[in-house]
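S.K.: Below are the structure tokens for one structure; questions will follow.
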């Protein structure tokens, strides 16, 4: 059985399609909005007797409602070579699978944008309603070995995103410069962007204490030889923690806290994430 | 310090040392992004040192292969001993024993055989002496110049096994022995060790020349006179004052008249000869200054030794290498390997 998570949003969707999220449009009969004169809203079945009696002008008042609409849940994934580290693509595939399935279960649209140097056509799902999730995409993601040297298309991804405000999971390791991160978030201001930071403890916490190692950067093709020792390991952990602080600080400016993803992640953590907001 | 190489062309391969800077034997493990990792000076230093070690090892091996050596050197030494020229009588009479009989060339008791054995012992016991050798009979034979090479001296002594011939003609032998000291710096006692069983008449002119040379070169003379039973002792004045019958007496007189340190030993039997040689050994133990030649020394061994220590360092470093992602990510510490 697939895990799923539930997301609730502090904003109203502009979508006219019926769904389970609070919408901007009036209509339906679930979410009470206010009262209007019968002349303005000739909907006799919604006449509120109590409000009509209280009306100083003696008009008939009707209850107005807002309709519930669907949103589009999108994943914008950084598919540059740095994401090839260890099992990050597997985790991304699992995260995609869960998100697509949860979106399907909530009746929402799901979209996927894989960003390398350019938007990768193989990893692009336009936001639609995909029955049962996006199993095929997930399979391909799990086997994909990204080798693009930069995720430049992230900077222009906004033009591919839905017109209306949508929920966007921006999944990346955020190993690119902070100002580029800020640029991406600036371009996506219209949307509700949740930064999903995909870090593995192997990158820093689980490094060996001792040993000679040559690490290669898949994006630049350079490599560096390191004498691993407890001091250096502590230094690397400190660097990562410092970067984490900076990222958190940056994300807070754009309204959402970061969700830190690693290989041990559970769907319930995401549910909790949305409750906590 | 004179260094030289026996096969310098091997050094043409020395650019191979750069291999250690280009080779990447340690597999590069995929990491997410190096740009966020802090620069580590110690790692940089260590790996630079390891590369230098590798280059050094290659260079040292090449140098070792090219055969470096220290050139032959001469060293001034101070020892105890003398420059001794052995002037060995090889006349026919030396083949006889002390009783004056001839037993054939291989006889052990012949005077020459006994003299040979004892001289051999003598040379072996002396440490820092220079030995030269001349055998003489009718004419002197230049056998070996003054040298410290004992093996050569012993071989020269040993080479007197062939049967002696001719008569004892002593003056040219002495002249040649004195000639050995010509143009040699005076660095210690100089001795001519005359081993003979007889003598010959030396004319007056030659006598004065010899005496002059003895003085000029400051040479001491030891005469080991192998007297057989038929001859007279050196000191006993012959009844017939004729040089032809007892030239030994007159030669003895001449030697004494030169005015150089001179000592005559009469050896009438093998034991006496042994005593004589012992006494010479005791007498000639004055300091001698000499130059010693040190043969060229190969330095390849040291290069190999250094190279091996470098290789050991590299092997040690290799033990700590993390060669696969599995090792990198699944071991929390090196000891878990």
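All of the numbers you see were taken from the coordinates with simple rules; none came from a lab. The structure presented is a predicted model; accordingly, all values stated were derived computationally and were not measured. Here Cβ is always computed from backbone atoms with ideal geometry, including for glycine, and neighbour counts include all displayed protein chains.
S.K.: In nm, give the distance between the simple-model label positions of residue B:235 and residue B:184, each being 7 Å from the Cα along the Cα-to-Cβ direction.
M.R.: 3.2
S.K.: Given the options A:107, A:19, A:28, state which has the largest fluctuation in a GNM of chain A using a 10 Å cut-off (strictly under) for Cα springs.
M.R.: Of the options given, A:28 has the highest mean-square fluctuation.
S.K.: Among A:229, B:227, which comes first, second and so on when ranked by fewest other beta-carbon atoms within 10 Å? Walk me through the intermediate numbers first.
M.R.: Working: A:229 17, B:227 21.
In increasing order of surrounding Cβ atoms, one gets A:229, B:227.
S.K.: Rounded to the nearest 10 degrees, what's the angle between the helix B:204-217 long axis and the longest principal axis of chain B, both from Cα atoms, 0 to 90?
M.R.: 30
S.K.: Right, here's the next one. Taking the beta-carbon count within 10 Å as an exposure proxy, list A:154, A:250 from fewest neighbours to most. Numbers along the way, then the final one.
M.R.: Details: A:154 26, A:250 17.
By the 10 Å Cβ count, ascending, the order reads A:250, A:154.
S.K.: Based on the Cβ-Cβ distance of residue B:10 and residue B:141, what FRET efficiency does E = 1/(1 + (r/R0)^6) give at R0 = 60 Å, to the nearest 0.05?
M.R.: Working: r = 47 Å, r/R0 = 0.78.
Plugging the Cβ-Cβ distance into 1/(1 + (r/R0)^6) gives 0.80.
S.K.: Rounded to the nearest 500, what is the 222 nm mean residue ellipticity of the protein assembly as shown from helices alone, with -39500 (n - 2.57) per DSSP H run of 4+ residues and division by all residues?
M.R.: On the way: 16 runs with 206 residues, N = 614.
Estimated from H runs of four or more residues: -10500 deg cm²/dmol.
S.K.: Could you tell me the calculated FRET efficiency between residue A:152 and residue B:21, based on Cβ-Cβ distance and R0 = 30 angstrom, to the nearest 0.05? It would help to have the intermediate numbers written out before the result.
M.R.: Numbers: r = 34 Å, r/R0 = 1.13.
Computed FRET efficiency for residue A:152 and residue B:21: 0.30.
S.K.: Relative to the longest principal axis of the C-alpha atoms of chain B, give the angle of the C-alpha long axis of helix B:300-319, reported between 0 and 90° and rounded to the nearest 10°.
M.R.: 20
S.K.: Hey, how many Å between the Cα centroid of region B:193-224 and the Cα centroid of region A:69-143?
M.R.: Distance between centres, Cα-based: 118 Å.
S.K.: Based on other C-beta atoms within 10 Å, arrange B:298, A:166 from fewest to most. Walk me through the numbers on the way to the answer.
M.R.: Values: B:298 14, A:166 25.
Least crowded to most crowded, the residues run B:298, A:166.
S.K.: Hey, what angle do you get for helix A:88-105 against the long axis of chain A, alpha-carbon based, 0 to 90 degrees rounded to 10?
M.R.: Here the helix axis deviates by roughly 10 degrees.
S.K.: Can you give me the C-alpha center-to-center distance between region A:185-251 and region B:1-21, rounded to a whole angstrom?
M.R.: Each part's Cα centre sits 45 Å from the other's.
S.K.: Over chain A, with a Gaussian network built from C-alpha contacts below 10 Å, which listed residue (A:259, A:112, A:240) shows the highest mean-square fluctuation?
M.R.: A:240
S.K.: I want the antiparallel fraction of DSSP beta bridges within region B:77-291, as a percent rounded to 5. Display every interim value, and only then the final one.
M.R.: Values: 10 of 37 bridges.
Just about 25 percent of them are antiparallel.
S.K.: Which residue fluctuates most in the GNM of chain B (Cα springs below 10 Å): B:177, B:317, B:64?
M.R.: B:317
S.K.: Determine the relative contact order of chain A: mean sequence separation of Cα pairs under 8 Å and six or more apart, normalised by residue count, in whole percent. Before the final figure, lay out the partial values.
M.R.: On the way: 529 pairs, mean separation 51.4, N = 277.
After rounding, I find 19 percent.
S.K.: Next question, about the same structure. DSSP beta bridges in region A:72-276, what fraction antiparallel, as a percent rounded to 5?
M.R.: Working: 10 of 32 bridges.
Antiparallel bridges make up about 30 percent of those DSSP assigns within region A:72-276.
S.K.: Right, something else. Considering only the protein assembly as shown, what is the antiparallel percent among its DSSP beta bridges, to the nearest 5?
M.R.: Details: 40 of 94 bridges.
Once the DSSP bridges in the protein assembly as shown are tallied, antiparallel ones form about 45 percent.
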